[in-house]
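Peer 1: One structure, as structure tokens, below. Some questions next.
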Amino acid sequence: MSTPVNLKELARESPKLLPGHRHCAGCTVPIVVKLVLAGVKEPTVVVTATGCLQVATTIFPYTSWYIPWIHNAFENAAATASGIEAAFKALKKRGVINDDNVNIIVFGGDGGTYDIGFQSLSGAIERGHNFLYILYDNEAYMNTGIQRSGGTPFGAWTTTSPTGNVIPGKPQHKKPIADIVVAHRAPYVATATPAHWLDLMMKVRKALSIRGPKFIHVLTPCPRGWRFDPSLSIEVCRLAVDTCYFPLWEFEKGVWRLTDRSLAIAKNPNLKKPIEEFLKIQERFRHALTKDTYIVKELQEYVDSVWSDLLRRVGTTS
């Protein structure tokens, strides 16, 4: 059972990610990290895969991390977390430490999770290691130049899926990464956004109370790659949820549940907005709204299909 969030207690907590990092204006990734780490009482070790978070917070010789932190390559953050967990177990067995109750939290971007790092994540979940994996999903390889990833949505512009006469943006839909982790029989899987901050914090608290591998997929809009004004980052998150492009849900030991705004939409389908509301705020979809308009229709059909399937899983119909 998760511990309730007490805002007064949180306000007195020392930050675990310090100011002075080099994230872009409007970046939602440091917001997510602060929310995830806020109020974590037990000893915590953070692992980050190569990506925006690692580069922006640890430009040598400086660091913004105020807790134990380790960086490894794109492909093996989950393997590193597995080794850390095994090391604490070994130290306890030898009598070096009395308690191996340490929160091991991994932060990986979409490139380091959907694609390059998936093999180590899959293996770590299959072996049952006790850690929490946070996917911060900005839907492209932003750190290296806005190249498409397995998390890039259908029709979106990136530097390797440009909009033009040959292709109108990325020709494939997003890989259903959270569903894939559910299929691994992980005890806890959820989705979240920084706009729905209490929902995110409660899911983190719940995840850390459960033994075994946990996975939370967090949407983190990128002003540079998605092409929107940095002041609109949280609004983009809200629109992603309100259009059901990114529903909020959790899967706990075989049970599916909708949470926060998505639960409200399920109860009142009139709250669901058309996908255009999410697309029109982003320049990466400008071509879909002006020239390649079939993209909007196909995305709407895809979103509706995924939402209907999710309602079926939770036992609700709209």
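Read-outs throughout are calculated quantities, based only on the coordinates presented, and are distinct from any laboratory measurement. Note that this is a predicted model, so its numbers are computed, not measured. Here Cβ is always computed from backbone atoms with ideal geometry, including for glycine, and neighbour counts include all displayed protein chains.
Peer 1: Among the listed pairs K174/K291; K8/K93; K170/K273, give every one whose C-alpha distance is greater than 32 Å.
Peer 2: K8/K93, as the Cα separations exceed 32 Å there.
Peer 1: Treating only the Cα positions of the chain as identical point scatterers, give the base-10 log of I(q)/I(0) from the Debye formula at each q in 0.10 Å⁻¹.
Peer 2: -0.55
Peer 1: Which three numbers, in whole Å and largest first, are the semi-axes of the equivalent ellipsoid of segment 1-68 derived from its Cα gyration tensor as √(5λ)?
Peer 2: 23, 13, 12
Peer 1: Also, I was wondering about something else. Through the Karplus equation 6.51 cos²θ - 1.76 cosθ + 1.60, θ set to phi - 60°, convert the phi angles of segment 151-156 into ³J(HN,Hα) values in whole Hz; use x for Gly and Pro.
Peer 2: Using θ = phi - 60°, the values come out as x, 6, x, 4, x, 6 Hz.
Peer 1: Compute the distribution of all C-alpha to C-alpha distances in segment 135-203, in bins of 5 Å from 0, and list the percent of pairs in each, rounded to whole numbers.
Peer 2: 4, 15, 19, 17, 18, 14, 9, 3, 1, 0
Peer 1: Follow-up. Of the beta bridges DSSP finds with both residues in the chain, what % are antiparallel, to the nearest 5?
Peer 2: 30
Peer 1: On C-alpha positions alone, give me the angle between the axis of helix 118-127 and the longest principal axis of the chain, in degrees, nearest 10.
Peer 2: Rounded to the nearest ten degrees, it is 50.
Peer 1: Also, I was wondering about something else. Taking amide H positions as placed 1.01 Å from N in the peptide plane, with prolines and chain starts having none, which residues 5 or more places from F131, or on another chain, fall under 5 Å of its amide H?
Peer 2: Residues meeting the criterion, in which the H sits 1.01 Å from N, are G212, K214.
Peer 1: Hey, another quick one. How large is the charge dipole for segment 9-118, taken about the Cα centre, if only the Cβ atoms of Lys, Arg (+1) and Asp, Glu (-1) carry charge, to the nearest 20 debye?
Peer 2: So the magnitude is around 300 debye.
Peer 1: Arrange R312, R12 by Cβ neighbour counts within 10 Å, fewest through most, would you?
Peer 2: Lowest count first: R12, R312.
Peer 1: Reachable aspartates and glutamates from K280, Cα under 19 Å, same-chain residues fewer than 8 places away excluded?
Peer 2: E139, D229, E235, D242, D292, E298, E301, D304
Peer 1: Any chance you could check the Cα centroid distance between segment 1-63 and segment 122-166 for me, in angstrom?
Peer 2: 21
Peer 1: Are there trypsin sites (Lys or Arg not before Pro) in segment 195-292 that DSSP puts in a loop and that have at most 11 other Cβ atoms within 10 Å, and which ones?
Peer 2: Answer in residue order: R211, K253, K291.
Peer 1: Please go through segment 82-178 and write out the trypsin sites (Lys or Arg not before Pro) that DSSP classes as loop and that have at most 12 other C-beta atoms within 10 Å. Mind dumping the intermediate values first?
Peer 2: Numbers: sites: K89, K92, K93, R94, R127, R148, K174; in loops: R94, R148, K174.
Here the sparse-neighbourhood loop sites are R94.
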